[in-house]
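Worksheet for the structure shown next.
The values are calculated or read from the model by the stated rules, or taken from the named source; none is laboratory data. Remember, predicted model here, so these are calculated numbers, not experimental data. Counting neighbours? That spans all protein chains shown, and the Cβs are built from the backbone with ideal geometry, glycine included.
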Amino acid sequence: MTAPRSTEFPTPPMKQTKSMRIFAEAAESLGLHPYISASANLSETYTNPDGKTINQCMYCSFCERFGCDYQAKSDPLITVIPTALETGNFEIRTHSNVREIAYDGNQSDGVYFTDTRTGEDYFQPADIVILTSYVMNNTRLLLQSGIGDPYDPESETGVIGKNYCYQVMASAQGFFDEQFNLYAGAGALGGQVDDYNADNFDHSDLDFLHGGTIQHTNTGIRPIATNPVPPGTPTWGKEFKEASAHYFYRTLSLGSQGASLPYRYNYLDLDPTYTDSHGDPLLRMTYNFTEQDRNLAAHQSARLTEILEEMGANEVVSNPDIGDYNIMPYQTTHNTGGVIMGADSETSAVNNYLQMWDCENLFVVGASAFPHNSGYNPTPTVGALSYRAAEGILSYLEDPRPLAE
Ligand SMILES: Cc1cc2nc3c(=O)[nH]c(=O)nc-3n(C[C@H](O)[C@H](O)[C@H](O)COP(=O)(O)OP(=O)(O)OC[C@H]3O[C@@H](n4cnc5c(N)ncnc54)[C@H](O)[C@@H]3O)c2cc1C
Ligand code: SF4
């Protein structure tokens, strides 16, 4: 069960590893609809429409959280950035920290930035400003520059900083007798099911909205960071070492990336106390999981356990209660919201071309535009929004005006 697509992906799916096959078989026997996840690691060598060639992935598994030395991952360093440089109209000024967007109440005529190597301040004039500094700095720079009304959770007025959402994660580990070649893999290699995502399943007896995708990834296991042992194993000594060596290749994990819905008291604003080294206020995040999130995670956790048991795990460990939000341990980097897209300037910050309602020559691109986060990775949608913004920017250059459709 995958969402309908207007066109096929340009390259076929990645290879299916043994653990991915067992996952798919178990999911099918539970009546689910597994498929191989779309990934930026390429299954075969591909030359994109801009003429940039991306190599076939070697499944070396190095890129789980790192770059690919072999140029087999479609990241901007080998795709859009060289293409932009070739035009001769693109310059990268590294170590430039933009601290404010100039704003006269209607338009922007550039940005103020500091060269972090010399401490020198500059003004960069611009006809159009495109803000692409990730969810956090998109929100922070608008607040710092006085563009758009800051969100106030008490009065529920204002827009900048509102609808901050995260990703509601659930995970489970299964301990197996059989061994898997988990050292091989690729950064986004995996299989998934969407049967418990969005409205793809019956919610009538459930106490939450939406859902999440369920995925088994084969991304390679890092030798020090990965040390799974079943509960009850001593935390040090001979027994721990033996269990650690035994289970290194006999533990499979499943995860669910659940949707995160907006709440009145989950928001971003400028910190009244803490500043950065320039004396500019830091961004403050006010956030916690809600009952909706906890119920969703508990449901997904139970589904993960079912699938792992069907896969043949001897023992499954899951965490059905996500409790309160905490940045530790690392859960995900999928932050969204703060500068949301909408049809009305009273309730949103940008229109459907990512153009600011309050500053028509400023385009704010990123997952900051998401009114809520869905049960998926955010970046493909960020890419799609970039194309949408580019369309709007080209049209605005020809005829400067508010663009909303
Ligand atoms: C470890 C990790 C794993 C991830 N895995 C996945 C995944 O599997 N799938 C997925 O969909 N997403 C994943 N993400 C999320 C993904 O990286 C982001 O969604 C994506 O990079 C957002 O793109 P962006 O262009 O909006 O922001 P970014 O890629 O963060 O780019 C923002 C740029 O702006 C620059 N910048 C910021 N502030 C300023 C300033 N004041 N002045 C000048 N420059 C500034 C930054 O240096 C940066 O280069 C992952 C993130 C991390 C950290
Ligand atoms: S697994 Fe990752 S690092 Fe290795 S070749 Fe493939 S894309 Fe590159």
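Might you check whether a residue that is within 14 Å of ligand 1 (Cβ to nearest atom), within 22 Å of D344 (Cβ to Cβ) and assigned to a strand (DSSP E or B) occurs anywhere in the range 120-133?
yes
Residues are listed down the side, and each one gets a yes or a no for (1) under 29 Å from V111 (Cα atoms); (2) touching a Ser or Thr at 6+ places or on another chain (Cβ under 8 Å):
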| position | (1), (2) |
| --- | --- |
| E310 | no, yes |
| D321 | no, no |
| I327 | no, no |
| E360 | yes, no |
| S368 | yes, yes |
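Tell me whether the range 287-300 contains one or more residues that are surrounded by fewer than 20 Cβ atoms within 10 Å (Cβ to Cβ), on the phi < 0 side of the Ramachandran plot, assigned to a loop (DSSP other than H, G, I, E, B) and free of Cβ contacts under 8 Å to residues at least 60 places away in the same chain.
yes
If the requirement is being in contact with a Leu (Cβ under 6 Å, 6 or more places away or on another chain) and β-branched (V, I, T), which of these qualifies: T132, T118, T83, T139?
Details: T132 fails: in contact with a Leu (Cβ under 6 Å, 6 or more places away or on another chain); T118 fails: in contact with a Leu (Cβ under 6 Å, 6 or more places away or on another chain); T83 fails: in contact with a Leu (Cβ under 6 Å, 6 or more places away or on another chain).
Selected residue: T139, the only one of T132, T118, T83, T139 that is in contact with a Leu (Cβ under 6 Å, 6 or more places away or on another chain) and β-branched (V, I, T).
Of all strands (runs of 3 or more DSSP E) completely enclosed by the range 314-405, which ones contain at least 2 residues that are within 30 Å of S171 (Cα to Cα) and within 16 Å of ligand 1 (Cβ to nearest atom)?
Values: elements: 315-318, 336-338, 359-364.
Per the criteria, 336-338.
Listed residues M136, M169; which is at pLDDT 95 or above and either touching a helix residue (DSSP H, G or I) at 6+ places or on another chain (Cβ under 8 Å) or on the phi > 0 side of the Ramachandran plot (or both)? Explain how you work it out, then say what you get.
Details: M136 fails: either touching a helix residue (DSSP H, G or I) at 6+ places or on another chain (Cβ under 8 Å) or on the phi > 0 side of the Ramachandran plot (or both).
Checking each option against the conditions leaves just M169.
All but one of (1) touching a residue at least 60 places away in the same chain (Cβ under 8 Å); (2) crowded, with 21+ Cβ neighbours inside 10 Å; (3) farther than 26 Å from S37 by Cα hold for L354; which doesn't?
With (1) touching a residue at least 60 places away in the same chain (Cβ under 8 Å); (2) crowded, with 21+ Cβ neighbours inside 10 Å; (3) farther than 26 Å from S37 by Cα applied to L354, the lone miss is (1).
Among the residues of the range 24-67 satisfying the criterion of being surrounded by fewer than 16 Cβ atoms within 10 Å (Cβ to Cβ) and at positive phi, which is nearest to ligand 1 (Cβ to nearest atom)?
Among those that are surrounded by fewer than 16 Cβ atoms within 10 Å (Cβ to Cβ) and at positive phi, it is G51.
So in the range 201-258, with the set limited to residues that are part of a strand (DSSP E or B), hydroxyl-bearing (S, T, Y) and under 22 Å from the mean Cα position of the chain (by Cα), which one is surrounded by the most Cβ atoms within 10 Å (Cβ to Cβ)? Don't jump to the end; show me each part of the working.
Step one: of the range 201-258, the residues part of a strand (DSSP E or B) are 212-217, 251-258.
Now narrow it down to the ones that are hydroxyl-bearing (S, T, Y): 213, 217, 251, 253, 256.
Now restrict to residues that are under 22 Å from the mean Cα position of the chain (by Cα): 213, 217, 253, 256.
Numbers: T213: 23, T217: 24, S253: 20, S256: 27.
Once the filter is applied, the top-ranked residue is S256.
Please go through the range 44-54 and give me each residue that is within 14 Å of ligand 2 (Cβ to nearest atom), assigned to a loop (DSSP other than H, G, I, E, B) and in contact with a strand residue (DSSP E or B) (Cβ under 9 Å, 6 or more places away or on another chain), ordered by number.
T45, the sole residue that qualifies.
I need the full set of residues from the range 343-354 which are closer than 14 Å to L403 by Cβ and out of contact with any Gly (no Cβ under 6 Å at 6 or more places or on another chain), in order please.
Passing the criteria: A343, S345, V350, N351, N352, L354.
Might you let me know whether the range 79-95 holds any residue that is loosely packed, with under 14 Cβ neighbours inside 10 Å, touching a Ser or Thr at 6+ places or on another chain (Cβ under 7 Å) and without any contact (Cβ under 8 Å) to a residue 60 or more places away in the chain?
yes
Is it the case that the range 77-88 has a residue that's charged (D, E, K, R), on the phi < 0 side of the Ramachandran plot and either part of a loop (DSSP other than H, G, I, E, B) or at pLDDT below 95 (or both)? It would help to see each step written out before you state the result.
Filtering the range 77-88 down to residues charged (D, E, K, R) leaves 86.
This time we only want the ones that are on the phi < 0 side of the Ramachandran plot, so: 86.
Next cut, either part of a loop (DSSP other than H, G, I, E, B) or at pLDDT below 95 (or both) only: none.
No, the range 77-88 contains no residue that is charged (D, E, K, R), on the phi < 0 side of the Ramachandran plot and either part of a loop (DSSP other than H, G, I, E, B) or at pLDDT below 95 (or both).
With respect to C57, determine if the residue is assigned to a helix (DSSP H, G or I), under 26 Å from the mean Cα position of the chain (by Cα) and within 12 Å of ligand 2 (Cβ to nearest atom). Give the steps one after another, and end with the answer.
Values: assigned to a helix (DSSP H, G or I): no; under 26 Å from the mean Cα position of the chain (by Cα): yes; within 12 Å of ligand 2 (Cβ to nearest atom): yes.
The answer is no for C57.
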